[in-house]
1. Below 8 Å, C-alpha to C-alpha, sequence gap of six or more: please give me the relative contact order for segment 143-276 in percent.
2. Please rank 404, 356, fewest neighbouring Cβ atoms within 10 Å first, as an exposure proxy.
3. If you build the convex hull over the alpha carbons only and average its shadow over all orientations, what do you get for segment 143-276? Give it in nm² to one decimal.
4. Would you kindly give the portion of the calculated P(r) for segment 22-138 that falls above 16 Å, as a percent of all Cα pairs?
5. May I ask you to derive the relative contact order of segment 271-407, considering only C-alpha pairs under 8 Å and at least 6 residues apart, and to give it as an integer percent?
6. With a ≥ b ≥ c taken as the square roots of the eigenvalues of the C-alpha gyration tensor of segment 252-389, please select rounded if a/c is under 1.5 and otherwise prolate if a/b is larger than b/c or oblate if it is not?
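Read the figures in this text as sums done on the coordinates, not as results from a lab. All values derive from a computational prediction rather than experimental measurement. So basically every Cβ, Gly included, is an ideal-geometry build from the backbone, and we count neighbours across all protein chains shown.
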């Protein structure tokens, strides 16, 4: 027994001492090989390619991957360990590939330098088949981003009426497992056949919502209010965005935090189609001007009693919610004995997510020429209410203007439009406003003569004589400059019509709407035509009849085209300033010729 035990001990010692160099010895054989996740896959699957080595190397050179697109990689992984005194080392470069076509493809050789020697992998063949039902390749960052991002255009009404407000909200749904770091628009919708107004998004707030039955975070990126300008099927072009997304991976850093990979994705809201209904012909009032919404209407005057040659203001005002910028206000019919000046347009409209709301008004300056009583007849305003699907007509009260003092109209003719007679006081008392009794008071009791005030009023006019002579001379020089006076008057007229456009120089949409309205109002005042009659061909014909230069007509038409094009294309601040200057010049030139 003792001999057997000694024999066993010596055998073990022999085994331990038989290879004295094995402790701490490394395997000197270098390996460098290509590993594929599969050799046959569908075109909708992903292929993982790994180049692994057992010693560290330099100058790694991957193959070209013909027939594939690299969607992720290279990802580098290194591991090193000691087990029972033996060192184990591995290093790999991995790629995720997406097939671009069906067929048989060869992944070529990769090379690397290890200890001064160049090593190559063997080529591998891969077969790409038709799409499979259950692709089981690992998901890339792009795959995760595709499943976690959805851009949706939410439309308030699918079948609005003509000129009824439609709200479009572009909302991005983001899954909770990714985060969006930045975005930029790639293709903004043009909104052809719509009047459009952007509602700026000043702060991007996220809200927890469900989308397709799954929880998401949503954020509103863009809001716009549209008013369709024609009936039928109208397309809303899609909004496209480029997004920069951080996608979590299965790897962690030295501190245990998850490592994120950035992906660049393009998302689109898709095209939406509206079925715009025309306004019904049944029940349409005769004086309907295109107003759609819910409105109030009133006509007011600044005073109802005044003397001849004094002035008053008459305001025709529409307020409420609807297409306030897109219809024409009704005009009053006034007696001819009342001198009426061109109205000044006043607009106080704000556009919210629900549409336009506020008020618009025309302010008329009226100056009576004769003593009497003059009626301002009732004015009617009609609009279409989409909620009740019916036309509504509002009428103002009749207002009587009492001109108390002034000359009497002895023409004996009609002093107003057809059907409107001027009501005057009986003749024989036309001079009753002249006082026949004086109410003078003696100033002797107040000791005015010899006082300080007496000498002040005595010599003060002498100090103004040089100023009066200077002003008179300047006025004579100004009156002699006929061409200069015409130019000044034309420039004042241009500033009057373009004042609203000037206030909108920082807002491209509002500027060109105001500029187009100014050009139309000027033609309406000068050529006596209605807004419904505006067409470029008719404008050219009317201006030619007035002997306006061809260059001036061409410039005017170009400005109208610029106003139309501004709705469908981006406009710079420099171009807006140039169009504003051109508008002032063309109105001045045209006014001198007309």
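1. Rounded, it is 32 percent for segment 143-276.
2. Sorted ascending by nearby Cβ count, the order is 404, 356.
3. Convex hull of Cα atoms, orientation-averaged projection: 9.2 nm².
4. Cα-Cα pairs in segment 22-138 separated by more than 16 Å: 63 percent.
5. 31 percent.
6. Here segment 252-389 falls in the prolate category.
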